[in-house]
Each structure stands twice: as structure tokens, then as C-alpha cells.
1. Rounded to the nearest 0.05, what FRET efficiency do W218 and D182 have when you use their Cβ-Cβ distance and R0 = 41 Å?
2. Note down the net charge around R17, summing +1 for each Lys or Arg and -1 for each Asp or Glu among other residues with Cβ under 14 Å from its Cβ.
3. Just how large is the dipole of the chain about the Cα centre, in debye to the nearest 20, putting +1 at every Lys and Arg Cβ and -1 at every Asp and Glu Cβ?
4. For the chain, what does -39500 (n - 2.57) per DSSP helix run (n ≥ 4), summed and divided by total residues, give at 222 nm, in deg cm²/dmol to the nearest 500?
5. Leaving out same-chain residues fewer than 8 places away, which lysines sit with a Cα under 26 Å from that of K125?
6. Just the C-alpha atoms of the chain: what Rg/Rh do they give, with Rh taken as the Kirkwood radius?
7. Quick check: the distance between the Cα centres of region 79-105 and region 120-140, to the nearest angstrom?
8. Multiplying the sequence separation of S108 and Q66 by 0.36 nm and subtracting their Cα-Cα distance, what value in nm do you get?
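Laboratory data are not the source of any read-out in this text; all were calculated from the coordinates shown. Please read these numbers as outputs of a predicted model, since none were measured by experiment. With ideal geometry, Cβ positions are generated from the backbone for all residues, glycine too; neighbour counts draw on all protein chains shown.
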Amino acid sequence: MSGVSASWQEKVSATVRLLEQAAGDYAPDLLFAASFGAEDVLLIDLIAKHTPQIRIITLDTGRLPQETYDVIDACRSRYAIDLTVLFPDAAAVESMVKTHGVNLFRQSVELRKSCCEVRKIEPLKRALQGQRAWITGLRREQAESRQMMAAIEDDTHFGLKKFNPLIEWTEAEVWAYIRANDVPYNALHDAHYPSIGCAPCTRAITVGEDPRAGRWWWEREDGVAECGLHASPLKRS
Ligand code: SF4
């Protein structure tokens, strides 16, 4: 397969083994937090086929692009998965918007982080309460801030075991899997959106740009911004 290393099939097998290990050791106190990007639909396909006991959550911030809702529905139709869509606390959103306006994230980095805290991090914290482990679709090559991540880590911020089964996958390998298995994916990927979050905080990138350059692009002079979901201190296991 063009652009795909010879070890691709072994990576698929290793990823399935890691999902089985996570499910065997931690289910039912285990969640996959999906944002329905390319990596996440790949993992949903593998979970549906091999470890359907793993529960899947996603965060509806209230500001997602329609294309993300479409792929959530496509996955619900295609797979027999245990999927929960989580929402932010309505009173907290109302209070934040009343004080700072609906587009507060454009006013300052602090207000952008507040918006992410209310719309994403607080609902995720709620979902992870009582869990012992969680799974992400992070890949090392996505960002400088992900270079030190490992397949299994101790997430000291949330106090959980954290599994990153795709950490060693390349972008070409992810897309090879999606094409080979006809996995539903977010249509924005075909419009040069490698990383997809909330609609007002995501743009397409051009040739040569960092894959995460389209996220919160107005606030960085260099480096790549994170929303805080994966910026916690970690220890390799
Ligand atoms: S990505 Fe943007 S709209 Fe979404 S929660 Fe963060 S600041 Fe708010």
C-alpha cells in the first residue's frame, strides 16, 4: 500500500492487543474519549470489532461543526457501540456567555482557556470520575507537545492509567486503515483540516503547515496550542 510502512499490519495487531489489555484490566471502569477525528474513527472501528465492552464518550461543546455531528451519526449507524454524547453544564455556559459574550475565545488566551475549561475539560472530568483508565487517539507526530508520550502512561492530572494505542502510527497509516476498512470519517478532512475541534477555533491548513496550525491559530506566535485535555503531566508506565 502506497505510503505505508511494511509494519502497518503489525501496528494494527499491536493496537488490538493494547485495546484488549486495557479492556481486560480496566473495563468497565474505562472510557475512550473520542473527538471523531481520523484517529478516533479508526479506534472506534477497532473497538467495535474487538473490544465492544469499551465505552465511548464524546464532548459536544455546543460549537462543533456540522461535519462532526454527521460523522458521529454515521458511526452510530454503522457500529454497535456504547456511545455517550456529553454536554457542558448549561448554567456554567450561560454565566460565561452572559459575562464575556459568545465569542469570548477571541478576546484573550485566558478567556479561550476558560471556554475550553467550561465546554470541554469540566465535562471530561465529570465523565472520568470513578474511572480507572482512559483511552485517547493521540499520535506522537501530531505535535511537539506529544513527543514524550508513551502507549501506556500514568495520567497524574486525572489520576488514571492512560492508553494511547495510536501513539506510534503515522498519518499515512491512519488513512490506509480508514480506506481499507471503509471507516466513516469527518468530511472536513477532505478540505485540509487535519485536526478538527470547535468550528470557530478550527481552520484549514496549507501545504507545509504544522498539522495543528489550524487550531487557535490567532493566539500563537510559535509552537502549537493545546486545549488542556492532554496537557497534563504524565509518567510513562
Ligand atoms: S475550542 Fe474554542 S469554542 Fe471550543 S471550547 Fe475551546 S475556546 Fe471554546
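1. 0.65
2. -2
3. Rounded to the nearest 20 debye, it is 380 debye.
4. Helix contribution divided over all residues of the chain: -10500 deg cm²/dmol.
5. Filter leaves K98, K113, K161, K162, K235.
6. Values: Rg = 17.2 Å, Rh = 18.3 Å.
Using only Cα positions, Rg/Rh for the chain is 0.94.
7. Between the Cα centre of region 79-105 and that of region 120-140, the gap is 16 Å.
8. Numbers: separation 42, 0.36 × 42 = 15.12 nm, distance 2.59 nm.
So the extension gain works out to 12.5 nm.
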